[in-house]
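Asks: First, the structure itself, so that you have it in front of you.
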Amino acid sequence: MNHGKETGAENSRWTAMVIGVLLIAAMVSGVFSSVPTIEEPDYLMKLPSIESRVLIAVFFQASMAIIYMAITAITYPLVKRAYPKAALAYFAFRTTGGAFLFIGIVTLLLLLALGRQYLQTDAVDLISIETIGTLLRHTRDWLNHIGMILPWSIGGIFLYSSFLKTRLIPGWMAIWGLVAAALTLTVTILYMLDRIKLVTIAYFALNAPTAFLELVLAVYLITCGFSKPSASLTGSQRKGNVQ
């Protein structure tokens, strides 16, 4: 009996560490998946000269999508423990967010191809290429900042609600997660409705609680692991097993 409890505790510890490491890996991948040159006025002319940097960004965005999918798969049983009926909704929202990251890779590759074409095109067709480039940039922003973040934030509400119920992490951290997810969801909807721009103080300020929380949560899970589930939840699980 004691051996079984020790094994369960050890598995829980490893699960927490893996989630923590994956969260940090996702943040690092997010940093390297950005291409600031795309925001510059002459980006089409510059992209071919930084092709290797663009391909590195493609690799890290793909890595980030895979990592987010892995985090979703690992945390799904934790959500199911608290909300069996809502767990599938959580899984669907978060995998949808990860899928949009994969789609966003295509726009980055298309922008690179368009940059190559831009250098070989005469002045007559430059306006058409610039128009296509603008549309691709907007599409990339919509995929990454709406298609990915909107469902991911909704999934976050499910996740931190389950943590608040199971007490696998401190209650204050779970509440922080709920507030942060709500703020990110709000600013994403405002961006979708064209009420706020991406590169603004307001946008970064409303997303900062989520980014900082993920770092704090990652460090906590790596160093401390999950707490024991709440007594009320454990009791209800036992009743379910008996039935």
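The values are calculated or read from the model by the stated rules, or taken from the named source; none is laboratory data. In this text, all values refer to a predicted model and were calculated from it rather than measured experimentally. We place every Cβ from the backbone using ideal geometry, glycine too, and count neighbours over all the protein chains shown. When the accessible area is computed, the model is the full protein with side chains, heavy atoms only, and any ligands, DNA or RNA have been set aside. Shrake-Rupley method; radii C 1.70, N 1.55, O 1.52, S 1.80 Å.
Asks: From the Cα trace of region 1-149, what convex hull volume per residue do you get, rounded to a whole Å³?
Replies: Details: hull volume 14.3 nm³, N = 149.
Roughly 96 Å³ of hull volume per residue.
Asks: Any idea of residue 132's accessible area? Nearest 10 Å², probe 1.4 Å.
Replies: 80
Asks: Lysine pairs in the chain 8 or more apart or on different chains: how many have alpha carbons under 17 angstrom apart? Each step should come with its number before you reach the end.
Replies: Values: 5/228; 80/165; 80/228; 80/239; 85/165; 165/228.
Lysine pairs satisfying the spacing and distance rule in the chain number 6.
Asks: With each run of n ≥ 4 DSSP H residues scored as -39500 (n - 2.57), what mean residue ellipticity at 222 nm is computed for the chain after dividing by its residue count and rounding to the nearest 500 deg cm²/dmol?
Replies: Working: 9 runs with 195 residues, N = 243.
Helices in the chain give a 222 nm mean residue ellipticity of -28000 deg cm²/dmol.
Asks: Continuing with this model, one more query. Give the accessible surface of the chain per residue, rounded to a whole number of Å², with probe radius 1.4 Å and ligands, DNA and RNA excluded. Show your work: numbers first, answer last.
Replies: Values: 12970 Å² over 243 residues.
Roughly 53 Å² per residue, with all protein chains present.
Asks: Using only the alpha-carbon atoms, how far is helix 201-223 inclined from the longest principal axis of the chain? Give it as 0 to 90 degrees, nearest 10.
Replies: 40
Asks: Let me ask something additional. Within the accessible area of region 68-138, what % is carbon and sulfur when the probe is 1.4 Å and the other protein chains stay in place?
Replies: Exposed carbon and sulfur together represent 70 percent of the surface.
Asks: In the neighborhood of residue 191, defined by Cβ-to-Cβ distances under 11 Å, what is the net charge if each Lys or Arg adds +1 and each Asp or Glu adds -1? Mind showing how you got there, number by number?
Replies: Details: positive: 195, 197; negative: 141, 194.
So the environment of residue 191 carries a net charge of 0.
Asks: How would region 36-94 be classified by its alpha-carbon gyration tensor: rounded, prolate or oblate, with rounded meaning a/c under 1.5 and the a/b versus b/c comparison settling the rest?
Replies: Values: a/c = 6.48, a/b = 3.38, b/c = 1.92.
It is prolate, given that a/c is not under 1.5 and a/b is the larger ratio.
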